[in-house]
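Novice: Dropping a structure here in structure tokens format, bear with me for questions.
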Amino acid sequence: MNISRNWLSRYVTIDCDLETLCDKLTMAGIEVEAVESAGTVPAGVVTGRILTRKPHPDSDHMSVCTVDIGGGTVLQIVCGAPNCDAGCVVPVATIGTVFHTPEGDFKIKKSKLRGVESQGMMCSEKELGLSENHEGLMILDPATELGQPVDRLFPGDTRIEIEVTPNRPDWLSMWGVARDVSCLLGTEAKLPEITIPACDKPAPGLVTVEAPDLCTRYIGRLIRNVKIGPSPEWIQKSLESIGLRPINNVVDVTNFVMMELGQPLHAFDLAKLKEGRVIARRAKSGEKITTLDGKTLTLEPRHLVIADAEKPMALAGVMGGEYSGVTEETTDVLLESAVFFSSNIRATSRELGISSDSSYRYERGVDWDMAELASKRAAQLILETAGGELGSEAVDVNTGRPAEKVIPCRFDRVRALIGTQVSNERIVEIFRTLHLKVDDVTGSGCVVTAPLFRLDLEREADLIEEVARIDGLDRIPEIAVTGKICGSIREDAYLPLETLRNKIISLGFYECLHYSTVNRESALSDSRFTESDLIRLKNPISQELAIMRPSLLGEMLGTIERNISRRNLTLKLFETGKAFCRNPELFPEERFELCLALTGLKHPEQYSEELKAQYDFFDMKGALESLFELMNTKRYRFVPVEDGRFRKGCAAEIQIEGKKAGAFGELAPSLVKGWRTTYPVFVAQLDMAVLLAADHGVGYYVPFSLFPATSRDVAFVAPTGLTHADVLEFIRKAKPADLESVRLFDIFEKDGRKSMAYQLTFRNRERTLTDAEVNARFDKLREKLKNELKVELR
Amino acid sequence: MNAIIEKINRALEEAAAKAAAASAADAVEQIRIDYLGRNGLFPALSKEMGSVAPEERKETGRAFNEGRNRIQAMIEEAAARLASAPGAAEGALDLSLPGRRWNCGRKHPVTIVADECAEIFRRMGFIVSEGPEIEDIFHNFDALNTPMDHPSRDPQDTFYFEDGRILRTQTSPVQIRTMESHEPPVRIVAPGRVFRRDTPDATHGMNFHQIEGLYIDKGVSMADLKSVLRMFATEMFGPKVKIRLRPHFFPFTEPSVEYDFSCIMCGGKGCPVCKHSGWIEIAGAGMVDPAVFKNVGYDPEIWTGYAFGLGIERLAMLRYRIPDLRYLYENDVRFLEQF
């Protein structure tokens, strides 16, 4: 909503500068979004008389002038204008004046121009923003008093764009804003005098309301013998000052009054209304109307229309019809000032995709009382600007004035909720300056009657907001932060996630964030899901963002590919986030997932042999093992698996405490097709619920031996299919006494046979083991390996 | 003179020649290995000592010890000579070679800020809560006193599912869920992802993150709200940052305010980031509306409280001077490595 400072000044005295005004508006909840000045002369520019003019000693076109700016002050100013003749009265920008230009602020400083001191600047009209004239200095009336601010001689206007919150439709008019400004500045707000000649000529049947649920008040008034033409300059200027285009006197008046008082009005050409009357009724199903902007709409009974005896002439409260409007031929006007049901106007406007200044106000709710005053005001201005005479009394068809809300207010409650010591008297004063009716003032409270233009005031809390707002939120003291600790950190839903993320980054992974909505291809790239598992949005922005991601894989693939295409080939990425699934057999609807990705070089900063080291399957496995270790997750294992996401033979399921927790592996060739990288890409996906629900109990202290250890190596050729895990499991089950650890230290294949070498370390907690003891245990184990595991000892 | 002593003498001559000729550290090391190393001459000779005639044993032993000590001395001398020789540094490490990096990852800037918010509020006694992202109309709108025909309910602004549920448009439904399941007093913050039907551009995304705050107790006032927000500002951006509250409107708070920081870029003087106002809008806040209390069965005559909601992306963009919201969701590693 735009307001104009000059227009606003018609109703309230603004005795402060623009910055203060804007600040006060903003701090009262009328947020100023932009300020645009038209012809505003900056402060510091004063009138001055050129006393002398001498040529500049060092320049052909510049002059050195002395200028009297009143109060006995004479300045020396170097000037380049051709017309800086002695005797002229001109605007003088004194030192410190700031010009606001599109290129930035420009401040007048004491300076030297080609060696001659200049103590200010004499200005052209263009420099002052008063016109485009830059021929020479602006020459003022020689009788002008010297030293007076030029902005007082040429008051410009300022357009202020304000954001009006939906609870305050009363701010959608100059008068409404003026009411609050008067309260903020402590000056009085006054409506212009609204008088029209008496006319009691009855107009039976002029207005019929058939849908009183949607039209609670309709005031029709006839004005006859108007002469359509341009409206007077002050109305045109006013409309232009807030960005409206003048059309003709009658239409301009309806717009002017709407902006002045907040009440939308409509003027019908009486001659175009069949039977010369209007009916506010629901549209018939399939009925058509062509609106002012040329759109033809097909209507239904849920839409309210203003019709003549035959057909709809306006879409009520939204837009007039093409044929019923005022034109140059119009002589008789039916002026509408009505109150429509706000929800219905909003629904219609949204459904049909038409909005207007009128619908904008109706949607938010108009003042029942203002309908009458606005009708009168418009009639007054039409008579003033278009001539003619009243053709009828005001025909006011309505369902009765709504009751005003009566709201008791307790002063202590006001203070308790705001947290200031605002006095009883101040509270009452604030209510009264806001034009609220205050009764029954006692030492503990009062009763406020909310006028019909303040439908947002319903409860005590609403009144408290008014006190907070007007008294000033900056008066609320800052106090020590106190408050109960309500709950335990163990209930903290975010901490486990935060801890987990910190552990993952400690392993070297960089965190990603992706949108939660994806396209079909991305969603189905995770082969665990089929079409029917996907949750789709009913109203997506586009098909690219139409499906709730069933897993984090799809978007992670996108990110890897995007990075690769930008030649970022080494990637260690992860994301934690919600994934969504419609199939409860598979997953809960909403679950937290963890996705890790790994590809490229281990030491991209290194050289020679080390540069060649690439991430492989066991780096990802190791990352997971390290993560579980950091989390104190003890019972986890990896089981080979066939999974569409991963390359065959290079994938494992992750089990934690016997539960499926996820899987990892090298991405399936189908997923990496076309990627410009030679490095394999590894991905792990984990179900965070399983990960976080696992036992992360404190590991208790385990005593360790202070006696020396003895190691023995065993190497063997393994039978086909024997895995490292099999070997470990076999040794674990064999339970050799004092065996502390088993470490694989070599593995190689020769002639298709796999050789493995292990170091076994023995240590006793109470004493040093003798060689003989160790040998006995070692030999026994070797035999067992040979006989039972069928390995060929080397 | 027995064979052992002869071998020792010969070894001493050889070693002296080798030590004199040694021009690099590895040649010196080779001398040590050849004579003193585990498989070197002296350990081998020591095994032969048993076969020496008793009358020669003393002399041989002395020769052995002296020989070993002399070789040790030769090695040390040669090493010292090499170390002090002109150009010795040529054998030293080229320290300018790249270090082998101990790579740590980084959190996403949005997460860093969210974690920091959580931490700041935890210190002020808040517990962190959460709620579902697929929400029902009741928790996201009805219980929060949103009028039935409020534009935010419109399918133009909110994502709907076939079953009538929605993607939550704010973290405020966590307020309702918390109050439903807890008796007052409650003191929570809820960081999380929210969704608006905006086409992604420099300042909009179809999802972003908020952190919601709620404190309900007896006698909570706007002064408490202002003070908590003040403390948050100081903790987040340092003691110089100023705050202000401006009246605003939200259906679920009354009075409602917006909460501004003095511009972090220009310190409040005015710049393009703050649209020359000197202030940057950070959050919406207010005193919980009595209608919300009624919806969750709290008595508004007994309990009062405040709620606030901050946009996390906005804070992250301000803190790290990130000009475009989309960079946050593009995940180029050259971006992710910076925070």
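The values are calculated or read from the model by the stated rules, or taken from the named source; none is laboratory data. Since the structure is predicted, the reported quantities are computational estimates derived from the model, not experimental observations. Counting neighbours? That spans all protein chains shown, and the Cβs are built from the backbone with ideal geometry, glycine included.
Novice: Among the residues of the range A:213-238, which ones are hydrophobic (A, V, I, L, M, F, W, C), within 16 Å of A:Trp7 (Cα to Cα) and touching a residue at least 12 places away in the same chain (Cβ under 8 Å)?
Specialist: A:Ile235, the sole residue that qualifies.
Novice: Next question, about the same structure. Let me spell it out: the conditions are (1) more than 14 Å from every other protein chain (Cβ to nearest Cβ); (2) modelled with pLDDT under 90; (3) surrounded by 15 or more Cβ atoms within 10 Å (Cβ to Cβ), and A:Ser37 meets all of them except one. Which number is the exception?
Specialist: The single condition A:Ser37 does not satisfy is (1).
Novice: With over 21 Å from A:Glu575 (Cβ atoms), surrounded by fewer than 15 Cβ atoms within 10 Å (Cβ to Cβ) and at the interface with chain A (Cβ under 7 Å from one of its Cβ atoms) as the only criterion, which of B:Asp149, B:Asp163, B:Asp201 stands out?
Specialist: Sole residue among the options that is over 21 Å from A:Glu575 (Cβ atoms), surrounded by fewer than 15 Cβ atoms within 10 Å (Cβ to Cβ) and at the interface with chain A (Cβ under 7 Å from one of its Cβ atoms): B:Asp149.
Novice: If you go through the range A:485-500 one residue at a time, how many are assigned to a loop (DSSP other than H, G, I, E, B) and either touching a Gly at 6+ places or on another chain (Cβ under 7 Å) or more than 7 Å from chain B (Cβ to nearest Cβ) (or both)?
Specialist: 2
Novice: Please note which helices (runs of 4 or more DSSP H) are completely contained in the range A:348-432 and include at least 3 residues that are away from every other protein chain (no Cβ under 14 Å).
Specialist: A:357-364, A:370-386
Novice: Continuing with this model, one more query. Considering each residue of the range A:59-87, count those that are in contact with a Pro (Cβ under 8 Å, 6 or more places away or on another chain) and either in a strand (DSSP E or B) or in the same structural domain as A:Thr165 (by TED's automatic domain parsing) (or both), and give that number.
Specialist: Residues meeting the conditions: 2.
Here is a yes/no grid of residues against (1) of a type in the set (Ser, Thr, Tyr); (2) modelled with pLDDT of 85 or more; (3) in a helix (DSSP H, G or I):
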{"residue": "B:Ile33", "(1), (2), (3)": "no, yes, yes"}
{"residue": "B:Lys47", "(1), (2), (3)": "no, no, yes"}
{"residue": "B:Asn65", "(1), (2), (3)": "no, yes, yes"}
{"residue": "B:Met74", "(1), (2), (3)": "no, yes, yes"}
{"residue": "B:Arg81", "(1), (2), (3)": "no, no, yes"}
{"residue": "B:Thr111", "(1), (2), (3)": "yes, yes, yes"}
{"residue": "B:Glu116", "(1), (2), (3)": "no, yes, yes"}
{"residue": "B:Ile120", "(1), (2), (3)": "no, yes, yes"}
{"residue": "B:Phe138", "(1), (2), (3)": "no, yes, yes"}
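Novice: OK, next. Restricting the range A:557-580 to residues that are in a helix (DSSP H, G or I) and of a type in the set (Ser, Thr, Tyr), which is nearest to the other protein chains (Cβ to nearest Cβ)?
Specialist: In this case the residue turns out to be A:Thr559.
Novice: Check B:Gly286, B:Gly305, B:Gly270 and return the single one that is within 14 Å of chain A (Cβ to nearest Cβ), buried (at least 16 other Cβ atoms within 10 Å of the Cβ) and out of contact with any helix residue (DSSP H, G or I) (no Cβ under 9 Å at 6 or more places or on another chain).
Specialist: None of the other options fit; the residue is B:Gly270.
Novice: Tally up the residues in the range A:141-180 that are under 30 Å from A:Ala93 (Cβ atoms) and not in a loop (DSSP other than H, G, I, E, B), please.
Specialist: Of the residues in that region, 10 qualify.
Novice: If you don't mind, another one. Scan the range A:594-653 residue by residue and report those that are touching a residue at least 12 places away in the same chain (Cβ under 8 Å), in a loop (DSSP other than H, G, I, E, B) and loosely packed, with under 13 Cβ neighbours inside 10 Å.
Specialist: A:Asn632, A:Arg635
Novice: Considering only residues of the range B:230-241 that are in a helix (DSSP H, G or I) and more than 9 Å from every other protein chain (Cβ to nearest Cβ), which is surrounded by the most Cβ atoms within 10 Å (Cβ to Cβ)?
Specialist: B:Phe232
Novice: A further question on this structure: Taking the condition more than 13 Å from chain B (Cβ to nearest Cβ), under 21 Å from A:Ser525 (Cβ atoms) and not acidic (Asp, Glu), does A:Leu552 pass?
Specialist: When the stated conditions are applied, A:Leu552 does not pass them.
Novice: Then there is this: Would you be able to say whether some residue in the range B:312-323 is farther than 30 Å from B:Tyr215 by Cα, in contact (Cβ under 8 Å) with a residue 24 or more places away in the chain, in the same structural domain as B:Asp198 (by TED's automatic domain parsing) and of a type in the set (A, V, I, L, M)?
Specialist: Scanning the range B:312-323, I find at least one residue that is farther than 30 Å from B:Tyr215 by Cα, in contact (Cβ under 8 Å) with a residue 24 or more places away in the chain, in the same structural domain as B:Asp198 (by TED's automatic domain parsing) and of a type in the set (A, V, I, L, M), so the answer is yes.
Novice: Look at A:Ala450 and say whether it is surrounded by 15 or more Cβ atoms within 10 Å (Cβ to Cβ), more than 10 Å from chain B (Cβ to nearest Cβ) and either touching an Asp or Glu at 6+ places or on another chain (Cβ under 8 Å) or farther than 27 Å from B:Phe293 by Cβ (or both).
Specialist: yes
Novice: Going by the conditions given, is A:Ala189 within 36 Å of the chain's Cα centre (by Cα) and of a type in the set (A, V, I, L, M, F, W, C)?
Specialist: Yes; evaluated as a whole, the condition is true for this residue.
Novice: Cβ-Cβ under 6 Å, sequence separation 6+ or interchain: first residue in the range A:416-439 and free of Cβ contacts under 8 Å to residues at least 24 places away in the same chain, partner of a type in the set (Lys, Arg). Which pairs?
Specialist: So the pair list comes out as A:Val438/A:Arg432.
Novice: Could you check the range B:89-129 and list, in sequence order, the residues that are facing chain A (nearest Cβ under 7 Å) and among the aliphatic types (A, V, I, L, M)?
Specialist: B:Val110, B:Ala118, B:Met124, B:Ile127, B:Val128
Novice: Can you name every residue in the range A:1-58 that is part of a strand (DSSP E or B) and aliphatic (A, V, I, L, M)?
Specialist: A:Ile3, A:Val12, A:Val32, A:Ala34, A:Val35, A:Ala38, A:Val45, A:Val46, A:Ile50, A:Leu51 - these are the residues of the range A:1-58 that are part of a strand (DSSP E or B) and aliphatic (A, V, I, L, M).
Novice: Residue by residue through the range A:367-385, note down the ones that are in contact with a Ser or Thr (Cβ under 8 Å, 6 or more places away or on another chain) and either farther than 12 Å from A:Val257 by Cβ or aliphatic (A, V, I, L, M) (or both).
Specialist: Across the range A:367-385, the qualifying residues are A:Trp368, A:Ala371, A:Glu372, A:Ala374, A:Ala378.
Novice: Evaluate the following for A:Arg224: is it basic (Lys, Arg), surrounded by fewer than 22 Cβ atoms within 10 Å (Cβ to Cβ) and touching a strand residue (DSSP E or B) at 6+ places or on another chain (Cβ under 9 Å)?
Specialist: yes
Novice: Could you check the range A:240-256 and list, in sequence order, the residues that are assigned to a helix (DSSP H, G or I) and under 21 Å from A:Glu336 (Cα atoms)?
Specialist: A:Asn249, A:Val250, A:Val251, A:Asp252, A:Val253, A:Thr254, A:Asn255, A:Phe256
Novice: Is it true that A:Thr761 is touching a Leu at 6+ places or on another chain (Cβ under 8 Å) and either under 27 Å from A:Tyr636 (Cβ atoms) or in a loop (DSSP other than H, G, I, E, B) (or both)?
Specialist: yes
Novice: Return the residues of the range A:103-117 that are in contact with a strand residue (DSSP E or B) (Cβ under 9 Å, 6 or more places away or on another chain) and either touching a residue at least 12 places away in the same chain (Cβ under 8 Å) or closer than 14 Å to A:Cys65 by Cα (or both); say none if nothing qualifies.
Specialist: A:Ile108, A:Lys110, A:Lys112, A:Leu113, A:Arg114, A:Val116, A:Glu117
Novice: Turning to a different aspect of this structure: Here are A:Leu373, A:Leu390, A:Leu434: which of them is of a type in the set (A, V, I, L, M, F, W, C), in contact with a strand residue (DSSP E or B) (Cβ under 7 Å, 6 or more places away or on another chain) and crowded, with 17+ Cβ neighbours inside 10 Å?
Specialist: Unique residue meeting the criteria: A:Leu390.
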